[in-house]
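A short write-up of the structure that comes next.
Nothing in this text is a laboratory measurement; each read-out follows from the coordinates by a stated rule. This is a predicted model, so every value here is computed, not measured. Cβ: placed from backbone, ideal geometry, glycine included. Neighbour counts: every protein chain shown.
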Amino acid sequence: MDSRFKTHPWQVIETTLDPQDMRFSESLLSLGNGYMGLRGNLEEDYSGDSHRGTYLGGVWFPDKTRVGWWKIGYPEYFGKAINAMNLIGLHVKVNGQRLDAGKNQVLSFRRVLDMQKGTLSREMRVNIGGGEVTVRALRFVSMNQKNLLAIRYEVACDFPARLEIEAYLDGNVHNEDSNYEETFWDQLDGGADPEGGWILARTKQNPFGTPRFAVAGAFRVETDMSPAGTRRDAGFSAAGFVKDLKAGETAALEKIVAVTTDRDYPMASLTAQARELAQSLAVRGFEHLLEDHEAAWRKKWDLADVEILGNVSAQQGIRFNLFHLFSTYTGEDARLNIGPKGFTGEKYGGATYWDTEAYCFPVILATLGQAAALQLLRYRHQQLPGAYHNARQQGLPGALYPMVTFNGIECHNEWEITFEEIHRNGAIAHAIWYYTAYTGDESYLLNEGLEVLLGIARFWAGRVHENTKTGLYMIHGVTGPNEYENNVNNNWYTNRIAAWCLDFLLEALEGAGNGKAGELGVTDSERARMRDISARMYYPEDMGVFIQHDTFPDKELIPASLIPREERPINQHWSWDRILRSCFIKQGDVLQGLYFLGHLYDRETKRRNFDFYEPMTVHESSLSPCLHSIMASELGCREKAMELYLRTARLDLDNVNRDTADGLHVTSMAGAWLAIAQGFAGMRIADGLSLSPRLPETWEGYAFSFSYRGRIIRLDVNITGGSLRLLKGEPLVIKVNGKETMLEGSYQFLGGKP
Ligand code: BGC
């Protein structure tokens, strides 16, 4: 980890201000509550390099696709989670001199992200206005009241000084990644009074017919300073305060901000709602609001914390990942999903990717519970019409779920890397399978789930072609999960997951009983064709392994260890041409299939494929290391499993891919939990719940709880073995290290073989 940051089990502690690396810190120190979030920006002015970012769940804009060589089927726009109003802003002056850590002499600087409490605090000493000034700030985005962000801000001077603070909201913001430097907001209204202010903004008209979003922000200030006038401008409202401080005296100001959007309230009452909320929350008072917020975080950690004994760096890693995952998604709103960067950055932003189903879903199910996971399934069901639209755009039947979306319609403009990744349909189906196997609840599968599966299966049935020479079905012109090869034929993973989707639908239709197929308009001949496609699907195999795609074996196959260190990551050093021709794999591809469908393959098959592909894998997608760590655990490769766990869990803390400044890798944060639960603890669910816990050599123990079929189960693993405890719910049968047992109360087990 960057030496400015300290390793700590519950905190991320920054000890100096590094102007070269402010963006990195801002990403790490982000806060969110599923409804909104912001980067770790300073409240007051900062003239150094920085990326101010505040984002609201589900508030996005369709930015024009910027290509001059339009082809039929291209997505029309590039959807973006857009930077919203600056909520935290304070202009601070001491004896007329502006507080700006980018210009002032900074004597000391310390920030603490407290992951247990969900707060960001700062203590900073600067030399301005004729002496030493100390700033103490504490803020949170409430986990208890989704509309609320609150700041307590204190300034102390060791000399007599006039302190002026102007608290403001500023809607004049833009996205760093917008095309043509466009802004996305119309400023509609605003107002200020001696104790606060409000603004109302709405996203601009767009030619694509996607909804516009209106957002109101309102704030109230509690302070021992005196009012000093207000300021109003388009998209800007401010209330000023002043105090003449004696030497050693402190002034304190609390800014309580409420945000509402027309996703929840009618446009006409939006500002009134925000203002009333800000008012009533201010009456409750900062201290109580903070208590409520901390209690809400406590409740989350009570169920979801993962404890690691004997390794603080691994401990910090898993908590950091869970903290940001829970800050991004709470499972309360079926219209929201989990963006790869959550509320922490713009690249990939808050759009929905296949990442959700492929990586986050099992974690949400186990840590936030069945109801939260069901919301993610509902999200895709609601977007089924969009998926049908996407397939139609390609001249194909059925439903093609988007690789990137806000509303079900594909909104990413990179054709080969994104659009051709039709494999994403498989992950959507897999989440339905996982949910059903994990919960035992078939009600989603047999209702909405069947509609989704049918759309997906019809897409695959339309996308394959029969090779008349071999009599086998093939899928050409795709990109697999490995984005370092495009437009390949017969990507093993895509072919396999397509056939599996067909089987899954056919089986589910059978399970649904007579009449369901007819109700859905599925004829016997359609079913027969799907069965035939699955039975005669072509799978490339060679050298004793499944082959990534038809021409992969013709490449120069060399291990990634031969790439000079200074050329890693290759995506920042090599031309795209060179990457595409190389054998190097960005993230698991064949192995993604063996992970998803692990219950259908034996250990030897997994080993052969792992040994073949892992050495060529450069793990340059944040989604890659966790999957390989899980497989390495299963195959008994303990060192590899730990190396890749740390790479997953500390990816952002250690800036492993050197891109954390752009935002955190929120979806792959789920992978750290997977690497522990499915990797080290061997959790499998295809055939009832089974665990085969192993203790990594460098740890003294680990423990976590999870929700399963109405129960809460806690697993503790130590040097000699461990225990399982039923914390809530009825006894149940589980398998531990291959042995079936009835779990009532608690069950002790001895350590299994590595
Ligand atoms: C990965 C994709 C992923 C995307 C967003 C890319 O780097 O290759 O699989 O969906 O990031 O996380």
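When the Cα atoms of segment 202-342 are aligned to their principal axes, the ranges along those axes come out at 58, 54, 24 Å in descending order. Rg and Dmax of segment 307-434, both derived from C-alpha coordinates alone, stand at 15.8, 57 Å. Each semi-axis of the equivalent ellipsoid for segment 461-519 is √(5λ) with λ an eigenvalue of the Cα gyration tensor; in descending order they amount to 28, 15, 8 Å. Taking a ≥ b ≥ c as the square roots of the eigenvalues of the alpha-carbon gyration tensor, segment 383-433 is classed rounded because a/c is under 1.5.
Residues of segment 367-406 with an amide N closer than 18 Å to a point placed 7 Å from the Cα of residue 182 along the Cα-to-Cβ direction: 405-406. Take each peptide in 70-82, 613-625, count the other Cβ atoms within 10 Å of every residue, and average; sorted highest first, the result is 613-625, 70-82. Based on C-alpha pairs under 8 angstrom that are at least 6 apart in sequence, the chain has a relative contact order of 12 percent. Of the residues 435, 457, 467, the one whose Cα sits farthest toward the positive end of the charge dipole of segment 360-477, with +1 on the Cβ of Lys and Arg and -1 on the Cβ of Asp and Glu, is 467. Neighbours of residue 75 by Cβ distance under 10 Å: Lys/Arg scored +1, Asp/Glu scored -1, total -3.
Return the Rg/Rh value of the chain, two decimal places, where both radii are evaluated on C-alpha atoms and Rh is the Kirkwood radius. Walk me through the numbers before you get to the answer.
Values: Rg = 26.8 Å, Rh = 27.3 Å.
For the chain, the value is 0.98.
Once the Cα-Cα distance is subtracted from the 0.36 nm per residue extended length, the residue 581 to residue 110 segment shows a gain of 164.9 nm. Peptides 243-249, 464-470, 544-550 ranked from most to least packed, by the mean per-residue count of other Cβ atoms within 10 Å: 544-550, 243-249, 464-470. Charge dipole of the chain (Cα centre as origin; +1 on each Lys and Arg Cβ, -1 on each Asp and Glu Cβ, all else neutral): 580 debye, rounded to the nearest 20.
The simple spin-label model puts a point 7 Å past each Cα toward its Cβ; for residue 658 and residue 489 those points are separated by 3.8 nm. The calculated FRET efficiency for the pair residue 307 and residue 468, based on their C-beta separation and a Förster distance of 60 Å, comes to about 0.50. Dipole of segment 76-144 computed with +1 at Lys/Arg Cβ and -1 at Asp/Glu Cβ about the Cα centre; of 81, 144, 92, farthest Cα towards the positive end is 92.
Convert 25 °C to kelvin, take the viscosity as 0.890 mPa s, use the Kirkwood radius over C-alpha pairs of segment 51-168 as Rh, and evaluate the Stokes-Einstein diffusion coefficient in µm²/s, rounded to a whole number.
Roughly 140 µm²/s, to the nearest whole number.
Per residue, the convex hull spanned by the alpha carbons of segment 691-754 comes to 72 Å³. Under the criterion of Cα pairs below 8 Å and six or more residues apart, the relative contact order for segment 133-289 equals 28 percent. With θ taken as phi - 60° and the Karplus curve 6.51 cos²θ - 1.76 cosθ + 1.60 applied, the whole-hertz 3J(HN,Hα) list for segment 601-614 is 10, 7, 4, 4, 5, 4, 4, 4, 6, 5, 5, 7, 8, 4 Hz, x standing for glycine and proline.
Ignoring everything except DSSP H segments at least 4 long, calculate the 222 nm mean residue ellipticity for the chain; use -39,500 (n - 2.57) per segment, divide by total residues, nearest 500.
Computed ellipticity for the chain at 222 nm equals -8500 deg cm²/dmol.
According to the Cα-based calculation, Rg over Rh for segment 268-309 is 1.26, with Rh computed by the Kirkwood formula. Could you give the dipole magnitude of segment 497-602 about its Cα centre, charging the beta-carbon of Lys and Arg +1 and that of Asp and Glu -1, in debye to the nearest 20? So the dipole magnitude of segment 497-602 works out to roughly 300 debye.
Mean 1/r over all different Cα pairs, inverted: what Kirkwood radius does segment 417-567 give, in Å? Could the numbers behind the result be given before it?
Details: mean 1/r = 0.0592 Å⁻¹.
Result for segment 417-567, one decimal place: 16.9 Å.
Peptides 212-219, 450-457 ranked from most to least packed give 212-219, 450-457, packing being the mean of other C-beta atoms within 10 angstrom over each peptide's residues. Considering only C-alpha atoms, what is the centroid distance from segment 299-317 to segment 1-67, in Å? Centre-to-centre distance over Cα atoms comes out at 23 Å.
Over all other residues within a Cβ to Cβ distance under 12 Å of residue 168, the charged ones net out to -3, with Lys and Arg as +1 and Asp and Glu as -1. In this Cβ point-charge picture (+1 for Lys and Arg, -1 for Asp and Glu), segment 546-661 has a dipole of about 160 debye about its Cα centre.
Distance from the alpha carbon centroid of segment 254-268 to that of segment 68-109 works out to 21 angstrom.
Based on C-alpha pairs under 8 angstrom that are at least 6 apart in sequence, segment 384-529 has a relative contact order of 21 percent.
When the charge dipole of the chain is built from unit charges on Cβ atoms (+1 for Lys and Arg, -1 for Asp and Glu) and taken about the Cα centre, the candidate among 382, 710, 196 whose Cα reaches farthest toward its positive end is 710.
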